[in-house]
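**Q** Encoded as structure tokens, here's the structure I'll be asking about.
Please treat every number below as a calculation from the coordinates, not as lab data. Given the structure is predicted, the values throughout are model-derived calculations rather than measurements. Virtual Cβ from ideal backbone geometry, glycine too; neighbours counted across all protein chains shown.
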């Protein structure tokens, strides 16, 4: 059974890693009756980040301190995150139908798409790729 993981940077922000590897972000706070509440803010695929969750938590706590109702959590608050598969599809669509383009497409689908295809373009960093690069070079 998976569990909620506390953010290392922001108090009251938690995330849950789903089976497909994406994160769902939650905030925790105490309500008027001093009971702990956990509210889902959004998924990583919707563009939700820890900073956004921290700001939502602050909004909720400020409203609670003023005696107001907490603000409703707006789903899909940001535009859809661009994945590497979407970028590759747009890139390969602009290329001609030569043999070299076909080779590049097949290499992408064989090596990169299974590992990085569903990840957002902004979340891909060299540090996270080092293990995959070593494995890729050993296969060639």
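**Q** Kindly give the semi-axes, whole Å and largest first, of the ellipsoid equivalent to region 1-126, taking each as the square root of 5 times a Cα gyration tensor eigenvalue.
**A** Calculated on Cα positions only, the semi-axes equal 40, 15, 10 Å.
**Q** Packing-wise, with mean Cβ within 10 Å as the measure, how do 40-47, 94-101, 3-10 rank, highest first?
**A** On the way: 40-47: 18.9, 94-101: 8.9, 3-10: 11.8.
Peptide ranking by packing, descending: 40-47, 3-10, 94-101.
**Q** On to the next question. Which whole-number percent is the relative contact order of region 5-65 (Cα, under 8 Å, 6+ apart)? Let's see the in-between values first.
**A** Values: 93 pairs, mean separation 17.8, N = 61.
The normalised contact order for region 5-65 reaches 29 percent.
**Q** Also: What number do you get for region 5-65 when its Cα radius of gyration is normalised by 2.2 N^0.38 Å, N = residues? Show your work: numbers first, answer last.
**A** On the way: Rg = 11.7 Å, N = 61, 2.2 N^0.38 = 10.5 Å.
For region 5-65, the normalised Cα radius of gyration is 1.11.
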